[in-house]
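Single-structure report; data block below.
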Amino acid sequence: MSNMRSLTFDAIIIGGGGSGLRAALELAKSGKKTAVLSKVFPTRSHTVSAQGGITCAIASADPNDDWRWHMYDTVKGGDYITDQDAAEYMCSEGPKSVFELEHMGLPFSRFDNGRIYQRPFGGQSKDYGKGGQAARTCAAADRTGHALLHTLYQNNLKNHTTFLNEWYAVDLVKNANGDVVGCIALCIETGEVVHVKAKATVLATGGAGRIYASTTNALINTGDGIGMALRAGFPMQDMEMWQFHPTGIYGAGVLVTEGCRGEGGYLINKDGERFMERYAPNAKDLAGRDVVARSMVMEILEGRGCGEKGDHVYLKLDHLGEEVLGKRLPGIVELSKTFAHADPAKEPIPVVPTCHYMMGGIPTNVHGQAIMQDVDGKDHIVNGLFACGEAACVSVHGANRLGGNSLLDLVVFGRAAGMFIESALNEGIEYLDASESDVDAAMARMSRWNESGGGESVPSLKAELQDIMQTSFGVFRQEDNMQEGVKKLAELRGRIGEAHLADKSNAFNTARVEALELDNLMEVAEATAIAALERKESRGAHSRYDYPDRDDVNWLKHSMYFPTEKRVGKRDVNFKPKTVDTFEPKVRTY
Amino acid sequence: MSVLQVSVYRYNPETDSAPYMQEFQIDTHGRDLMVLNVLELIKEQDSSMAYRRSCREGVCGSDGMNMNGKNGLACITPLSEVVKSNKLVLRPLPGLPVVRDLVVDMGIFYKQYERIQPYLQNDEPAPAIERLQSPEDRDKLDGLYECILCACCSTSCPSFWWNPDKFVGPAGLLQAYRFLADSRDTATRERLSDLEDPFSVFRCRGIMNCVAVCPKGLNPTRAIGKIREMLLANAT
Amino acid sequence: MVTNITNFGRSGLSDWLIQRISAIILALYTLFIVVYLLLNPGLDYATWSGLFAQTWMRIFSLLAFVSMAAHAWIGLWTVTTDYLKHTGIRLAVQTTIILAIFVFLVWGIQVLWGA
């Protein structure tokens with residue numbers, strides 16, 4: 001492919017969601033030659049769907065609020081495999097990032113004193129869990145993600161960031177030393193394939209919720225960055241940790257924000273009982289998401305589910321009154337009417353735990369530098385490769401993310417990656433150029449699809465993959481079921497490797513993009529499955545019938561999935577925050 | 001009857017000399033699907049069918065298209081709302097160049113958005129915390145900031161069809177007013193002087209097609225009226 | 001800011017304002033004439049020219065003519081910029097319209113004050 005055009009940048013940011021745009025903004029301001037490469041126009045990225053808010057101790061609702069309390073909640077919420085240096089960085093740097101967003105124009109809702117409105121969210125406490133429920137989630141009604149993403153895009157326009165919109169990154173290009181020196185990208189509109197050369201490649205590709213049949217995630221959340229990194233041989237961390245959001249609209253999977261419960265809504269079973277009082281006597285409906293999701297499944301399994309099939313529960317909001325709903329949750333009212341045919345002012349919304357967030361991802365340090373392990377289990381930086389946002393595993397979310405922490409993660413670590421890359425570029429980065437065979441290696445996968453002459457079609461294989469994940473790797477997991485899932489996935493991988501791309505045209509060929517996405521879904525699914533099988537305990541979002549307890553002796557660790565050998569190793573959790581005392585693992589109750 | 005007649009605008013620049021309408025029979029099994037679900041079923045029959053989609057819940061603005069003559073978002077438009085006598089006609093958003101099938105080139109739409117400087121401008125140094133804003137001032141942004149840039153409004157506006165290079169269009173003007181109305185923005189005078197020519201704002205004839213189609217229930221015509229009031233107050 | 005040199009007031013705002021004010025004047029003038037004709041069913045030349053001999057009526061009429069000229073210029077200019085995409089044709093039509101308006105206006109003044 002020597003006739004391929006190449007584009008050269010100091011930094012290429014793959015993904016135009018919150019973290020990608022925040023990183024890009026930092027680099028655009030510094031004058032570095034930066035481009036954001038996004039498979040959709042940036043404001044179509046999944047950040048736009050975030051509703052409830054961005055959790056941060058800005059001391060607005062409570063003037064005495066403290067980022068250390070937020071950090072405690074985050075570590076506890078993550079069931080103690082949150083890296084404490086990372087949580088410390090996020091929670092202490094958070095206010096700066098939130099105020100920056102406000103200065104950029106984000107239309108936050110307000111308190112009467114003019115400060116940013118904060119609402120209670122799950123897992124939030126004052127005084128290290130001793131002071132009761134906190135209200136720490138900064139909100140723009142229930143459209144915070146939309147407001148945040150648009151604000152970041154607008155400020156990138158202001159700072160003249162270069163955008164490669166509707167371009168699709170296919171695979172990473174590595175040089176002879178194994179450094180990442182760019183990627184292969186496809187211009188969707190024209191079908192042109194380009195070699196993008198960069199000194200820093202940032203994977204800000206978001207999550208991969210589409211590995212499950214039922215998910216709150218956008219159709220574009222196919223784990224492209226994870227797939228690329230796995231194919232390039234880099235390890236993934238904590239891939240078994242998938243958050244199931246308690247309130248996805250039954251049937252449609254559309255998200256209903258935790259902010260509904262923050263504003264006073266609660267879950268009821270078919271008897272009208274507020275069942276969370278039994279499972280989490282203190283926090284009730286605002287316990288950690290993993291806890292609430294499991295409780296809902298228990299209710300359903302024990303025959304107290306709602307509806308004809310008894311397979312969901314209800315979220316009751318009508319007691320809040322039309323005024324609060326209209327003011328604080330207008331988007332939810334709209335979504336509920338459209339997708340559940342229920343007006344929340346009059347009737348409850350049918351909800352069910354739905355795949356929502358990937359806590360795992362590309363292991364990074366707080367600067368966004370990707371990390372790999374050598375044979376002795378020692379960390380090494382991957383030259384040229386960065387990750388931030390949901391695609392990265394810093395890890396601030398550990399085994400279960402708290403509501404509102406994802407948006408904070410995006411802006412804090414997007415900014416951090418941008419700042420680090422800027423200074424690294426200033427110091428000078430020189431990597432060996434990729435050879436022609438290096439580029440050919442990165443082209444191999446797309447060439448396979450382009451030359452495919454027959455075989456199964458993409459949509460049916462995708463549906464099969466999603467069913468396997470839904471059946472074997474859901475809220476509750478067990479050995480035999482997962483064994484079966486891993487086996488089926490291995491077989492499916494073979495079939496996907498021989499699948500057929502019927503449409504080989506160039507102009508806006510969405511079939512080709514979907515085929516390339518399927519490969520990424522496969523990578524993510526297999527990493528998830530193998531890691532889940534290996535972690536023989538229950539922690540956070542990873543709940544096993546056969547190992548119902550947390551096992552701190554063996555598994556107070558990150559899992560590391562190595563794609564080449566399909567092996568799962570372990571990595572130490574960081575328990576050394578710089579300015580506060582370590583939060584020692586305790587029994588986690590709400 | 002659960003087999004729906006769907007007629008879709010097709011055009012692939014590599015193989016077609018002219019666009020044409022293609023007929024599909026889609027079995028809905030009696031369900032009240034969203035139009036986007038119907039497109040997914042079509043794509044299973046014919047993988048070459050091109051359309052944009054992302055969030056599938058009406059917040060990303062990808063799948064704006066013309067459904068039985070009216071612009072809207074395919075993902076939040078149930079068949080029961082648009083289908084007449086069991087027939088559904090899907091066309092790309094009118095007035096923009098077609099890239100392929102239902103995918104249009106939105107370049108000029110985005111250019112008009114960029115032209116109104118869609119970002120907060122404040123020449124005073126930022127405080128250490130957030131800029132304060134009263135709930136009443138914040139309320140002024142409701143009905144403005146929620147725009148998802150789907151282009152349903154601008155592509156239903158004849159003034160935008162005739163002068164897409166000069167008339168900002170309802171979407172851009174809604175955002176222009178979003179910043180004019182923001183108590184934290186200090187560039188009001190510059191913003192207004194960029195809008196007082198005969199095209200940018202004044203090509204709006206107030207026919208309210210934009211209001212009729214906005215999938216988020218926003219009212220660009222009202223915002224345009226407010227901009228006119230501000231221009232008038234500023235110049236008289 | 002989009003620049004233009006063939007529109008009436010050089011500014012969209014002034015065009016817009018003039019269009020509205022001229023419309024009100026034309027509406028009032030039309031209303032007056034209609035009411036006058038209804039109140040004077042057997043109208044003869046003497047009464048009619050007597051009406052136009054009065055200064056206030058001449059001023060009112062001139063105001064209406066000027067309003068008509070401005071209103072037509074602004075309105076037709078808008079129509080040409082909407083529908084005539086070829087610059088040469090558009091400019092030719094705009095020039096013709098402006099000249100015709102000028103002719104009608106001068107002629108109107110002559111009829112009104114010339115006698």
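One table, with the values for the structure above:
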{"item": "Enumeration of residues in the stretch B:115-126 that are over 24 Å from residue B:104 (Cα atoms) and at the interface with chain A (Cβ under 8 Å from one of its Cβ atoms)", "result": "B:119, B:120, B:122, B:126"}
{"item": "Test: residue in the stretch B:65-74 that is touching a Phe, Trp or Tyr at 6+ places or on another chain (Cβ under 7 Å), within 11 Å of another protein chain (Cβ to nearest Cβ), closer than 30 Å to residue A:143 by Cα and not in a helix (DSSP H, G or I)", "result": "no"}
{"item": "Selection from the stretch B:75-119 of residues that are closer than 27 Å to residue B:15 by Cβ and part of a strand (DSSP E or B)", "result": "B:87, B:88, B:89, B:90, B:91, B:98, B:99, B:100, B:103, B:104"}
{"item": "Cross-chain or 6+ apart pairs with Cβ under 8 Å, the stretch B:1-30 first and touching a residue at least 12 places away in the same chain (Cβ under 8 Å) and more than 17 Å from residue B:86 (Cα to Cα), then surrounded by 15 or more Cβ atoms within 10 Å (Cβ to Cβ) and among the acidic types (Asp, Glu)", "result": "B:9/B:101; B:10/B:101; B:11/B:101; B:12/B:101"}
{"item": "Count - residues of the stretch A:493-513 that are crowded, with 18+ Cβ neighbours inside 10 Å and not in a loop (DSSP other than H, G, I, E, B)", "result": "5"}
{"item": "Boolean, residue C:99 is farther than 20 Å from residue C:17 by Cβ, open to solvent by 80 Å² or more (accessible area, probe 1.4 Å) and without any contact (Cβ under 8 Å) to a residue 40 or more places away in the chain", "result": "yes"}
{"item": "Selection from the stretch A:334-372 of residues that are surrounded by fewer than 24 Cβ atoms within 10 Å (Cβ to Cβ), within 28 Å of residue A:311 (Cα to Cα) and among the polar types (S, T, N, Q)", "result": "A:338"}
{"item": "Qualifying positions in the stretch A:459-484 - over 16 Å from residue A:503 (Cβ atoms), in a helix (DSSP H, G or I) and among the small types (Gly, Ala, Ser)", "result": "A:463, A:472"}
{"item": "Filtered residues of the stretch B:196-231 (kept if within 11 Å of chain C (Cβ to nearest Cβ), aliphatic (A, V, I, L, M) and open to solvent by 50 Å² or more (accessible area, probe 1.4 Å))", "result": "B:230"}
{"item": "Set B:159, B:193: member being among the hydroxyl-bearing types (Ser, Thr, Tyr), touching a Phe, Trp or Tyr at 6+ places or on another chain (Cβ under 9 Å) and either open to solvent by 40 Å² or more (accessible area, probe 1.4 Å) or more than 9 Å from chain A (Cβ to nearest Cβ) (or both)", "result": "B:159"}
{"item": "Residues of the stretch C:13-52 classified as over 30 Å from residue B:200 (Cβ atoms) and surrounded by 11 or more Cβ atoms within 10 Å (Cβ to Cβ), total", "result": "14"}
{"item": "Test: residue in the stretch B:80-94 that is open to solvent by 40 Å² or more (accessible area, probe 1.4 Å), small (Gly, Ala, Ser) and more than 7 Å from every other protein chain (Cβ to nearest Cβ)", "result": "yes"}
{"item": "Residue in the stretch B:165-183 that is within 12 Å of chain A (Cβ to nearest Cβ), under 23 Å from residue C:13 (Cα atoms), open to solvent by less than 10 Å² (accessible area, probe 1.4 Å) and part of a loop (DSSP other than H, G, I, E, B) present", "result": "yes"}
{"item": "Single residue of the stretch A:437-458 satisfying the filter (part of a helix (DSSP H, G or I) and within 12 Å of residue A:501 (Cβ to Cβ)) that is most open to solvent (accessible area, probe 1.4 Å)", "result": "A:451"}
{"item": "Selected residue [among the hydroxyl-bearing types (Ser, Thr, Tyr) and either touching an Asp or Glu at 6+ places or on another chain (Cβ under 7 Å) or without any contact (Cβ under 8 Å) to a residue 12 or more places away in the chain (or both)] from A:109, A:125, A:97, A:92", "result": "A:125"}
{"item": "Scan of the stretch C:15-54 for residues that are free of Cβ contacts under 8 Å to residues at least 40 places away in the same chain and within 12 Å of chain B (Cβ to nearest Cβ), ordered by number", "result": "C:16, C:17, C:20"}
{"item": "Odd one out for residue C:12, checked against (1) touching a residue at least 12 places away in the same chain (Cβ under 8 Å); (2) under 26 Å from residue B:235 (Cα atoms)", "result": "(1)"}
{"item": "Residue within the stretch A:221-231 that is part of a loop (DSSP other than H, G, I, E, B), within 13 Å of chain B (Cβ to nearest Cβ) and either within 23 Å of residue A:257 (Cβ to Cβ) or among the aromatic types (Phe, Trp, Tyr) (or both) present", "result": "yes"}
{"item": "Check on residue B:146, charged (D, E, K, R) and within 19 Å of the chain's Cα centre (by Cα)", "result": "yes"}
{"item": "Scan of the stretch A:373-408 for residues that are of a type in the set (A, V, I, L, M, F, W, C) and either open to solvent by 20 Å² or more (accessible area, probe 1.4 Å) or outside any loop (DSSP other than H, G, I, E, B) (or both), ordered by number", "result": "A:375, A:381, A:382, A:385, A:386, A:387, A:391, A:392, A:393, A:407, A:408"}
{"item": "Scan of the stretch A:64-117 for residues that are in a loop (DSSP other than H, G, I, E, B), at the interface with chain B (Cβ under 9 Å from one of its Cβ atoms), surrounded by fewer than 22 Cβ atoms within 10 Å (Cβ to Cβ) and of a type outside the set (S, T, N, Q), ordered by number", "result": "A:111, A:112, A:114, A:115, A:117"}
{"item": "Contacts under 7 angstrom Cβ, first residue in the stretch B:50-61 being free of Cβ contacts under 8 Å to residues at least 40 places away in the same chain, partner among the charged types (D, E, K, R), 6 or more apart", "result": "B:53/B:63; B:54/A:44"}
{"item": "Matching residues in the stretch A:18-41 - criterion: being in a helix (DSSP H, G or I) and either open to solvent by 10 Å² or more (accessible area, probe 1.4 Å) or within 10 Å of chain B (Cβ to nearest Cβ) (or both)", "result": "A:26, A:28, A:29, A:30"}
{"item": "Number of the exception - residue A:17 against (1) farther than 28 Å from residue B:151 by Cβ; (2) at pLDDT 95 or above", "result": "(1)"}
{"item": "Whichever residue in the stretch A:198-220 is within 13 Å of chain B (Cβ to nearest Cβ) and closer than 29 Å to residue A:6 by Cβ and, among such residues, is surrounded by the fewest Cβ atoms within 10 Å (Cβ to Cβ)", "result": "A:220"}
{"item": "Residue A:185 vs. criteria among the small types (Gly, Ala, Ser), in contact with a helix residue (DSSP H, G or I) (Cβ under 8 Å, 6 or more places away or on another chain) and within 28 Å of residue B:119 (Cβ to Cβ)", "result": "no"}
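Let's see how each residue does on (1) open to solvent by 50 Å² or more (accessible area, probe 1.4 Å); (2) within 8 Å of chain A (Cβ to nearest Cβ):
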{"residue": "B:17", "(1), (2)": "yes, no"}
{"residue": "B:28", "(1), (2)": "no, no"}
{"residue": "B:36", "(1), (2)": "no, no"}
{"residue": "B:59", "(1), (2)": "no, yes"}
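The values are calculated or read from the model by the stated rules, or taken from the named source; none is laboratory data. For clarity, every value in this text was computed on a predicted model and none was experimentally measured. So basically every Cβ, Gly included, is an ideal-geometry build from the backbone, and we count neighbours across all protein chains shown. Side chains included, ligands, DNA and RNA excluded: accessible areas come from the protein's heavy atoms. Shrake-Rupley method; radii C 1.70, N 1.55, O 1.52, S 1.80 Å.
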